[in-house]
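Right, one structure below, let's go through it.
The values are calculated or read from the model by the stated rules, or taken from the named source; none is laboratory data. Computed from a prediction, not measured in an experiment: that's the story for all the values here. Note that we place each Cβ from the backbone using ideal geometry, even for glycine, and neighbour counts take in every protein chain shown. Keep in mind that these areas ignore ligands, DNA and RNA; they rest on the heavy atoms of the full protein, side chains included. Shrake-Rupley method; radii C 1.70, N 1.55, O 1.52, S 1.80 Å.
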Amino acid sequence: LWLKVGWTAWVLVWVPVYWRHYGPANFLWFCDIGNFVLAAALWLESPLLFSWQAVSLLVVQVYWTLDLLGRLALGFHPFGGSEYMFDASVPLGVRLLSLFHAATPPLLVWALLRLGYDRRAWLAQTLTCWVVLPLSYLAGPALDVNWAWGMFDRPQAWLAPGMYLVFCLAAYPLLLYLPAHLGLRWLVPRLTARRGGSHEA
């Protein structure tokens, strides 16, 4: 219960702060969508909702966390993507709220071990991607939401913008979501079996 109430209360604080600083289009980011879905997943204790967000976010959020830790430990970003966390023009409170990226992976792993992995997650996230990415593209290259215009907030020049969007619509499900889905489908049942359960939908 404390986790359900705590995450919901955090979302209620996070939304107006992000809305005021970044604007409504920022909530198209998959990681931001994930905060709402995870709030529902916690209250519903839904394996599908948790699995859906694990396919969407687990790899990316671990990547972001490692980049942040790399910057703290090494003085530079080993991968890129968390530079704004050290941008003094972004208010400190906003940057601290962005630490949800680091909190998401442990929450997802805990939930999957507790509830199991639902195999419908890859399809759910693929369909979400096919709706959200075109909307992200319409938000424009200045925002580059979900990198629909280019990686790391840098518009790419090797494809026409529309063709790059089509490339992303194919690449995200196949190169990002499918490996996560296959890995979780294989790993979660084995880990839960060791813990005395055998959850998989």
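Of note:
- Qualifying residue in segment 44-55 (condition: in a helix (DSSP H, G or I), touching a His at 6+ places or on another chain (Cβ under 8 Å), in contact (Cβ under 8 Å) with a residue 40 or more places away in the chain and not hydrophobic (A, V, I, L, M, F, W, C)): yes
- Top-ranked residue of segment 38-86 - restricted to ones that are aromatic (F, W, Y) and out of contact with any Phe, Trp or Tyr (no Cβ under 8 Å at 6 or more places or on another chain), ranked as farthest from A111 (Cα to Cα): F76
- Filtered residue count, segment 127-146, keeping only those that are under 24 Å from L49 (Cα atoms) and open to solvent by 50 Å² or more (accessible area, probe 1.4 Å): 4
- Where W149 falls short, out of the listed (1) buried (at least 18 other Cβ atoms within 10 Å of the Cβ); (2) outside any helix (DSSP H, G or I); (3) in contact (Cβ under 8 Å) with a residue 60 or more places away in the chain; (4) not acidic (D, E): (3)
- Residue match in segment 75-82 (condition: of a type outside the set (V, I, T) and part of a helix (DSSP H, G or I)): no
- Taken over segment 96-106, the criterion of being over 20 Å from H21 (Cα atoms) and crowded, with 21+ Cβ neighbours inside 10 Å is satisfied by T104 alone.
- Unique match (being over 18 Å from V131 (Cα atoms), modelled with pLDDT of 95 or more and open to solvent by 50 Å² or more (accessible area, probe 1.4 Å)) among L38, L1, L12, L42: L12
- Any pair with Cβ under 7 angstrom, 6 or more apart, that starts in segment 93-117 at a residue that is free of Cβ contacts under 8 Å to residues at least 24 places away in the same chain and ends at one that is open to solvent by less than 30 Å² (accessible area, probe 1.4 Å) and in a helix (DSSP H, G or I): R95/M85; S98/M85
- Any hit, segment 78-91, residues being touching a helix residue (DSSP H, G or I) at 6+ places or on another chain (Cβ under 7 Å), modelled with pLDDT under 95, buried (at least 17 other Cβ atoms within 10 Å of the Cβ) and of a type outside the set (S, T, N, Q): yes
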